[in-house]
Amino acid sequence: MTVLDAGTEQLERRRSHFRQYGALALLAVGVAALGFLVPGFYSPENVTNLLRQTSVLGIVALGQTVVLLVSGVDLSVGAVIGLTVMTMAEFTRGQDALIPLCVAVIFGLAAAVGLANGLLITKRNVPPFIATLAIGVLVEGTRLAYTHGYPSATIPPGIRPLGLITVGPIPLVFFMFIVLGIGLWFALGRMTYGRRVYAIGLSPKVARLAGVNVDRVTISVYVLCALTAAVAGLVLSGWIGYVDKYVGRDFAFDSITVAVVGGTSFAGGQGGILGSVFGALFLMLILNLVVLLGVDPNAQLVVKALIVLVAVYFAEARRRRTLRAG
């Protein structure tokens with residue numbers, strides 16, 4: 001390695017550290033500033049609500065991040081969440097005794113959705129956008145046809161603590177979010193599976209030549225994404241305590257937004273779990289600020305769109321710099 005190569009590598013490493021720790025510092029400054037600028041931001045009720053919303057969305061975004069790392073996308077996560085909440089209500093009919101069996105059924109259904117996505121993409125070469133959109137519409141349409149668009153049966157009381165229990169102002173789901181995040185961070189950063197995921201994202205052909213079973217790994221990330229959506233759906237069923245036809249509707253777009261804001265590239269092979277954790281916190285802080293300032297809730301869509309555009313712009317600029325450096 002020449003002195004120039006070593007210098008370039010060191011500079012890129014510093015840039016990477018700056019992006020990670022700079023985002024953390026910016027998030028910390030933003031949180032501190034909101035406490036002074038927005039009355040009620042640090043109230044226990046607002047902190048609990050903010051962390052709960054962040055965690056539910058963040059859990060979905062963790063799975064979405066892994067899918068994006070293999071140059072994919074999963075638009076069916078919202079449908080899986082809706083299916084989870086409906087199944088919890090319809091299967092148990094409000095009976096706590098049926099919760100364990102119902103959870104097993106829910107994870108089985110979610111895995112089937114992820115498997116269908118993965119098989120269409122790998123075995124039939126259907127583009128991820130089309131495959132996951134079609135499966136999502138199929139699942140959502142089946143759910144609405146079964147319920148006729150009306151609220152389903154009763155959510156059992158035994159599942160409610162999953163979404164409502166707190167430790168001080170910190171909800172239980174926040175700890176679940178952190179534990180899942182640590183687990184996936186370890187799997188992607190310290191295990192062979194993670195190296196295979198990144199390799200596929202960078203170049204499926206090269207990964208295949210290196211002996212990676214590209215189809216198997218790709219299918220596994222879609223199953224993983226569906227399972228994280230099911231976890232979020234279980235928490236959401238306990239939190240809201242009822243089912244309506246709109247549940248889970250915005251999670252596909254929002255989870256992609258979180259991942260992109262966290263530095264995960266649509267091109268695949270770049271990004272990670274830590275960035276998505278920060279992305280979830282950042283996005284929900286901004287949306288929480290919009291609500292506390294009394295801005296029209298419809299403006300949240302404008303805010304989300306602007307955040308995505310800015311994040312994609314900077315991500316593309318980083319990609320071009322990397323290509324020029326290479």
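The values are calculated or read from the model by the stated rules, or taken from the named source; none is laboratory data. All values derive from a computational prediction rather than experimental measurement. Glycine also receives a Cβ, built like all others from the backbone with ideal geometry; neighbour counts cover every protein chain displayed.
In region 225-242, the qualifying residues are those that are of a type in the set (A, V, I, L, M) and surrounded by fewer than 23 Cβ atoms within 10 Å (Cβ to Cβ), and the one that is modelled with the highest pLDDT is Leu227. Ile155 fulfils the conditions (1) crowded, with 16+ Cβ neighbours inside 10 Å; (2) modelled with pLDDT of 95 or more except for a single criterion, (2). Among the residues of region 284-300, is any under 21 Å from Val66 (Cα atoms) and under 18 Å from the mean Cα position of the chain (by Cα)? Within region 284-300, one or more residues are under 21 Å from Val66 (Cα atoms) and under 18 Å from the mean Cα position of the chain (by Cα).
Examine region 73-89 for a residue that is of a type outside the set (Phe, Trp, Tyr) and surrounded by fewer than 16 Cβ atoms within 10 Å (Cβ to Cβ), and state whether such a residue exists. No, region 73-89 has no match at all. With respect to the stated conditions, Leu162 is more than 18 Å from the chain's Cα centre (by Cα) and surrounded by 13 or more Cβ atoms within 10 Å (Cβ to Cβ).
Residue pairs whose Cβ atoms lie under 8 Å apart, sitting 6 or more positions apart in sequence or on different chains, and linking a residue in region 130-149 that is surrounded by fewer than 19 Cβ atoms within 10 Å (Cβ to Cβ) to a partner that is among the acidic types (Asp, Glu), are Tyr146/Glu90; Thr147/Glu90.
Considering (1) more than 23 Å from Pro297 (Cβ to Cβ); (2) at pLDDT below 95; (3) under 19 Å from the mean Cα position of the chain (by Cα), the lone condition that Thr257 does not fulfil carries the number (1).
Checking each residue in region 117-129 for being outside any helix (DSSP H, G or I) and surrounded by 13 or more Cβ atoms within 10 Å (Cβ to Cβ) picks out only Val126. Answer yes or no as to whether Arg216 is among the charged types (D, E, K, R) and closer than 25 Å to Phe266 by Cβ. For Arg216, the condition - among the charged types (D, E, K, R) and closer than 25 Å to Phe266 by Cβ - is met. For region 28-39, the criterion of being more than 17 Å from the chain's Cα centre (by Cα), on the phi > 0 side of the Ramachandran plot, loosely packed, with under 14 Cβ neighbours inside 10 Å and outside any helix (DSSP H, G or I) is met by no residue.
Looking at the structure I just gave you, is Leu138 closer than 26 Å to Thr154 by Cβ and of a type outside the set (Gly, Ala, Ser)? Against the criterion (closer than 26 Å to Thr154 by Cβ and of a type outside the set (Gly, Ala, Ser)), Leu138 does not qualify.
Taking first residues from region 231-249 that are closer than 15 Å to Cys102 by Cα and touching a residue at least 40 places away in the same chain (Cβ under 8 Å) and partners that are part of a helix (DSSP H, G or I) and among the basic types (Lys, Arg), the Cβ contacts under 6 Å between residues at least 6 apart in sequence or on separate chains come to Gly238/Arg160.
Provide a single number: the residues in region 268-305 that are surrounded by fewer than 19 Cβ atoms within 10 Å (Cβ to Cβ) and outside any helix (DSSP H, G or I). Total satisfying the criteria: 7. Within region 189-233, the set of residues being within 15 Å of the chain's Cα centre (by Cα) and of a type in the set (A, V, I, L, M) comprises Val221, Val223, Leu224, Ala226, Leu227, Ala229, Ala230, Val231, Ala232. The set of residues in region 200-249 that are closer than 20 Å to Gly118 by Cα and small (Gly, Ala, Ser) comprises Gly201, Ser203, Ala207, Gly211, Ser220, Ala226, Ala229, Ala230. All of Val217, Val197 fail the test of being at pLDDT 95 or above, more than 23 Å from Leu287 (Cβ to Cβ) and either of a type outside the set (Val, Ile, Thr) or surrounded by fewer than 24 Cβ atoms within 10 Å (Cβ to Cβ) (or both), apart from Val217.
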